[in-house]
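These notes concern the structure reproduced below.
The values are calculated or read from the model by the stated rules, or taken from the named source; none is laboratory data. Keep in mind that this is a model prediction, so the values were computed, not measured. In this analysis, Cβ positions are derived from the backbone assuming ideal geometry, glycine residues included, and neighbour counts consider all displayed protein chains.
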Amino acid sequence: MLACPHKDIVVKLKMAKMAWKNHILPILPPRLQNIFDLMSGQAAEELEEIRLRAGKVLMIHSHRGENFVGLSGVTSSLSQAVTVTAAELQSTLLAVVEYSLYARDEELRRGYLSLPGGHRAGFVGRVVPEESRVKLLRDISGISIRIARAVKGAGEALLPQLYCARQRRVYHTLLVSAPQAGKTTMLRDLARLFSDGDLPKGRPGLKVGIVDERSELAGCYLGVPQLDVGMRSDVLDGCPKAEGMMMLVRSMSPQLLVTDELGRPEDARAVEEAVNTGVSILATVHGHCLEDLLKRPSIGYLLQQSLFERLVFLSRRKGPGTVEAIYSEETVKSRLKTGEIGHVL
Amino acid sequence: MCFKWAGAVLIVLATALLGNQKAIQMKQRVKQLEEFRLAMRLLMAEIGYTATPLPRALEYVQNRLADERVKQFFAEIVRQLGRPEVGDASLAWLRAIETFRGQLALRTDDWPLIKRAAAGLGGLGRESQLKQLEAVEIQLASHNSMVAANCVRSERMWRYLGMLGGAALVIILL
């Protein structure tokens, strides 16, 4: 196992603490707009998620936990919390789609929409199926607005472990964590750092190809990245990962391919193919430990093939982005051999 | 005597002008209905081909129209969409109709057709939205061809009527 440079350092969410208001307030109905406009301090700075449910109280989430929201801001009292109406949900949905459901119906079918600023809104409601596929989502009953925060510098401490200065390339790396542990934030910052490069430190900028299937990584809005992913990054927004990776390899000759949440068999095949073309891979996957990854056939296959040279395990033990362990290719091999695949902590 | 003739000329000129005004209004009505029809086609292209959201699609449509008043009608919808209390494209369209009802050359029987475009606007999937706008465009086309045929007859009639009405009045007064 490699030395963990900032095992005890909490990656602080210090960037763009209140910038979300510029993008989120315009999509909220007037009453909720006022509430969030007045919100300040820690609650606003650390806000990670806004939960709107029809006929239920308004809730927010941060890494400290959940809170109710009343007319005068965050409250711990359920009776003081405001209740969200179905009309407010509908109004939020229409504002998110710019009063044009037809413009985003494909995304809505997948259950989420990207917002300006790289934020994301997830939806639940009544599904209208068609031939075992989701035809459309109607009668929206819940909206989850996830606040995207670019934490510049989050990945800096990892760079020496992930970059091979001799070969001037990035090790094939997989970032592993449970949801909401800062994987995407870390991945975005690493993409930025590798893309911008740092010549004085002997790390030239690389051509980075980003396949952003869920518009979460670069936070593209109308195809334009809203979050800083580096000056040499090319983003394929909303494109299926496997297809996107191959498209980028053929069209943009990247030196590093970045993508979020591998999982499907076709993703594994695309990773294998990309690695064989000489492109470095930097990706994320859900999981806590090697055992979790091995249970997933496509990821397990990639690990058995020793395609990844670095595995970085993240958690939110000391805040999102806490680096728990970094495994080298050899560590993975030996752990697979000895059966030490349990929890990394 | 000189004043009598001057008055007579003035009367004929005034009634001819009135007749002419009426004829121009009729022509404008046809032109504006045609502009709305073109707007529907442009809007359908924006929705069908690029799925552009309404605020931008309506701006695009507005920039491609020739009639200043109809252009302003579409600008008004975009303006209404920007108001938080409106929050719905149908309502924005209906509010624009209320604002422009007296400012366009359209008549009472034209507005229900324009109003139909508001039904479900922005609240439907792409295919349904296109079908809905196409239906309005077809209705506008048939309505306008009727209005245009009427206009050719009535336009000439109003011009003559203005001139001859003035002349008749002068004869009676003299």
Do the conditions hold for residue A:130, that is, is it within 14 Å of another protein chain (Cβ to nearest Cβ) and either touching a Gly at 6+ places or on another chain (Cβ under 9 Å) or aromatic (Phe, Trp, Tyr) (or both)?
no
Criterion: hydrophobic (A, V, I, L, M, F, W, C) and within 20 Å of residue A:117 (Cα to Cα) - qualifying residue of A:187, A:174:
A:187
Is it the case that the stretch B:151-166 has a residue that's exposed (fewer than 14 other Cβ atoms within 10 Å of the Cβ), within 16 Å of the chain's Cα centre (by Cα) and modelled with pLDDT under 90?
no
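Results for (1) surrounded by fewer than 17 Cβ atoms within 10 Å (Cβ to Cβ); (2) touching a Leu at 6+ places or on another chain (Cβ under 6 Å); (3) away from every other protein chain (no Cβ under 14 Å), shown as yes or no for each residue.
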residue	(1), (2), (3)
B:104	no, no, yes
B:112	yes, no, yes
B:118	no, yes, no
B:140	no, yes, yes
Take the residues of the stretch B:70-91 that are under 16 Å from residue B:40 (Cβ atoms) and away from every other protein chain (no Cβ under 13 Å): which is farthest from the chain's Cα centre (by Cα)?
B:74
Any idea how many residues of the stretch A:254-272 are closer than 15 Å to residue A:303 by Cα and surrounded by fewer than 19 Cβ atoms within 10 Å (Cβ to Cβ)?
5
Residue A:98 being out of contact with any Asp or Glu (no Cβ under 8 Å at 6 or more places or on another chain), under 23 Å from residue A:37 (Cβ atoms), acidic (Asp, Glu) and without any contact (Cβ under 8 Å) to a residue 40 or more places away in the chain:
yes
Which of the residues spanning the stretch A:73-93 are of a type in the set (Val, Ile, Thr) and away from every other protein chain (no Cβ under 14 Å)?
A:74, A:75, A:82, A:83, A:84
Within the stretch B:94-103, identify whether any single residue is more than 14 Å from the chain's Cα centre (by Cα) and more than 24 Å from residue A:33 (Cα to Cα), and answer yes or no.
yes
Of the numbered conditions (1) in contact (Cβ under 8 Å) with a residue 40 or more places away in the chain; (2) within 14 Å of another protein chain (Cβ to nearest Cβ); (3) farther than 19 Å from residue B:37 by Cβ, residue B:94 fails exactly one; give the number of that condition.
(1)
Hey, does the stretch B:22-36 have a residue that's closer than 30 Å to residue B:165 by Cα and without any contact (Cβ under 8 Å) to a residue 24 or more places away in the chain?
yes
Does residue A:303 count as closer than 15 Å to residue A:173 by Cα and of a type outside the set (Lys, Arg)?
yes
Return yes when residue A:96 is away from chain B (no Cβ under 12 Å), of a type outside the set (Gly, Ala, Ser) and in contact with a helix residue (DSSP H, G or I) (Cβ under 6 Å, 6 or more places away or on another chain) and no when it is not.
no
Here is a check on your reading of the model: is residue A:173 of a type in the set (Val, Ile, Thr) and in contact with a Leu (Cβ under 6 Å, 6 or more places away or on another chain)?
yes
On the given criteria, is residue B:129 touching a residue at least 12 places away in the same chain (Cβ under 8 Å), within 14 Å of chain A (Cβ to nearest Cβ) and of a type outside the set (Val, Ile, Thr)?
yes
Return yes when residue A:60 is more than 14 Å from every other protein chain (Cβ to nearest Cβ) and in contact with a Ser or Thr (Cβ under 8 Å, 6 or more places away or on another chain) and no when it is not.
no
Please specify each residue of the stretch B:1-27 satisfying the condition of being crowded, with 17+ Cβ neighbours inside 10 Å and polar (S, T, N, Q).
B:15
